[in-house]
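Q: One structure, pasted below without further comment.
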Amino acid sequence: MLRIGAHTSIAGGVPNAVDEQLEIGGNCGQIFSHSPQVWQDPNIGDDEADDFRDLVGEHDLGPWVIHSSYLVNLCTPKEDLREKSVDSMQKEVDAADKLDIAYVNVHLGAHTGAGVDNGLDNAASALDELDIPEDVTVLIESDAGSGTKLGGDFEHLAAVLDRSSQDLDVCLDTAHMFAAGYDLSTPESVDDVVAEFDDVVGLDHLECIHLNDSKHECGTNKDEHAHVGDGYIGEDGMRAIVNHEGFHDVPLVLETPTEDGRSYAWNVEKVRELRNSE
């Protein structure tokens, strides 16, 4: 069964994210537990959590992902930022446990001059400080790779999974991969990228895909999402991604823009069309 959904808003209460998901035709999803632009604790009441879990169960929506704060930087050499990042992540995994959400997604962040290897060590050891609930898994997200940000190379993801004592998995973002230099614009190139990921990281570690087209060409390190099929990945690439046997059972979460009179609902329908068009 195709699991396709989008990042929906918890404004007015976490259950509203479920209502929005139903409105756009999604059957899985992602949320922020709070504003991602500030250091803030999730403030989810017991009744709110109960209502969210009830709605999710009633409509068979899932899996769900909590996307961590944009301020989190696991690779940082700065102790104060590391402490804030670990504290924020602990609160995210606890919120996921409260909501029966299976995954918390996080970017590795930037090493800001510490060097790639030290940055990866920092990320792995920061994650090792977390007390992750039994039914929650942290997903390391692939990155567009600008500046000193890590996660743009599959080897970065593999290194953190290898160096951490936690049972971690991966979320691949198609726009980020494309920006980082992994060509996804043709069926042949998608085959090559999936094979490389499987060799370096392992498809058994892939638990979610952020399905986004790209407004910029491959390898530019520019992260700007486009409607599915409308960007430089294009329809051929997107069709190959959503139908690839290596990705076939992986939940797809949209982070596409609202523009040109189109929003998530259009993209959900587009993905369903592409899935059935081979």
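We did not get these values from a lab; they are worked out from the coordinates using the rules stated. Predicted model, so just to flag it, every value in this text is computed and none were measured. Here Cβ is always computed from backbone atoms with ideal geometry, including for glycine, and neighbour counts include all displayed protein chains.
Q: Look at segment 192-201 and say how many of its residues are under 27 Å from Tyr103 (Cα atoms) and either without any contact (Cβ under 8 Å) to a residue 12 or more places away in the chain or loosely packed, with under 14 Cβ neighbours inside 10 Å (or both). Give the steps one after another, and end with the answer.
A: Step one: list which residues in segment 192-201 are under 27 Å from Tyr103 (Cα atoms), which gives 193-201.
So of that shortlist, the ones also either without any contact (Cβ under 8 Å) to a residue 12 or more places away in the chain or loosely packed, with under 14 Cβ neighbours inside 10 Å (or both) come out as 195-196, 199.
Summing the residues that are under 27 Å from Tyr103 (Cα atoms) and either without any contact (Cβ under 8 Å) to a residue 12 or more places away in the chain or loosely packed, with under 14 Cβ neighbours inside 10 Å (or both) in segment 192-201 gives 3.
Q: Could you list, in sequence order, the residues of segment 249-274 that are part of a helix (DSSP H, G or I), in contact (Cβ under 8 Å) with a residue 60 or more places away in the chain and more than 20 Å from Cys171 (Cα to Cα)?
A: Of everything in segment 249-274, those that are part of a helix (DSSP H, G or I), in contact (Cβ under 8 Å) with a residue 60 or more places away in the chain and more than 20 Å from Cys171 (Cα to Cα) turn out to be Ala265, Glu269, Arg272.
Q: If you scan segment 16-38, which residues turn out to be surrounded by fewer than 19 Cβ atoms within 10 Å (Cβ to Cβ), in contact (Cβ under 8 Å) with a residue 40 or more places away in the chain and not in a loop (DSSP other than H, G, I, E, B)?
A: Within segment 16-38, Glu23 is the sole residue that qualifies.
Q: Follow-up. For segment 212-234, state whether one or more residues are over 25 Å from Leu150 (Cα atoms), of a type in the set (Asp, Glu) and touching a strand residue (DSSP E or B) at 6+ places or on another chain (Cβ under 9 Å).
A: Within segment 212-234, one or more residues are over 25 Å from Leu150 (Cα atoms), of a type in the set (Asp, Glu) and touching a strand residue (DSSP E or B) at 6+ places or on another chain (Cβ under 9 Å).
Q: Any residue at all in segment 148-161 that's under 17 Å from the mean Cα position of the chain (by Cα), in a strand (DSSP E or B) and of a type in the set (Asp, Glu)? Show your work before the answer.
A: So the first thing to find is which residues in segment 148-161 are under 17 Å from the mean Cα position of the chain (by Cα), and the list is 149-154, 156-158, 160-161.
Now restrict to residues that are in a strand (DSSP E or B): 149-150.
Now drop any that are not of a type in the set (Asp, Glu), which leaves none.
No - not one qualifying residue is present in segment 148-161.
Q: Which pairs have Cβ atoms under 6 Å, sit 6 or more apart or on different chains, and link a residue in segment 111-131 that is free of Cβ contacts under 8 Å to residues at least 12 places away in the same chain to one that is in a helix (DSSP H, G or I) and crowded, with 16+ Cβ neighbours inside 10 Å?
A: none
Q: So Asp94 clears everything in (1) in contact with a Pro (Cβ under 8 Å, 6 or more places away or on another chain); (2) closer than 23 Å to Leu254 by Cβ except one condition, right? Which one?
A: It is condition (2) that Asp94 fails.
Q: Under 8 Å between Cβ atoms, which residue pairs at least 6 apart in sequence (or on different chains) link something in segment 61-87 that is in contact (Cβ under 8 Å) with a residue 60 or more places away in the chain with a partner that is aromatic (Phe, Trp, Tyr) and in a loop (DSSP other than H, G, I, E, B)?
A: His67/Phe32
For (1) within 16 Å of Lys78 (Cβ to Cβ); (2) buried (at least 22 other Cβ atoms within 10 Å of the Cβ); (3) small (Gly, Ala, Ser), each residue gets a yes or a no:
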position: Gly109; (1), (2), (3): yes, yes, yes
position: Asn118; (1), (2), (3): yes, no, no
position: Ala126; (1), (2), (3): yes, yes, yes
position: Ser142; (1), (2), (3): no, yes, yes
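Q: Taking segment 210-230 on its own, how many of its residues are under 13 Å from Phe178 (Cα atoms) and surrounded by fewer than 24 Cβ atoms within 10 Å (Cβ to Cβ)?
A: 12
Q: State all residues of segment 232-248 that are part of a loop (DSSP other than H, G, I, E, B) and either surrounded by fewer than 20 Cβ atoms within 10 Å (Cβ to Cβ) or touching a Cys at 6+ places or on another chain (Cβ under 8 Å) (or both); if no residue qualifies, say none.
A: Within segment 232-248, Tyr232, His244, Glu245, Gly246, His248 meet the criteria.
Q: Hey, another quick one. Restricting to segment 53-97, name every residue that is crowded, with 17+ Cβ neighbours inside 10 Å and touching a Phe, Trp or Tyr at 6+ places or on another chain (Cβ under 9 Å).
A: Within segment 53-97, Val56, Pro63, Trp64, Val65, Ile66, His67, Ser68, Ser69, Lys84, Ser88, Ala96 meet the criteria.
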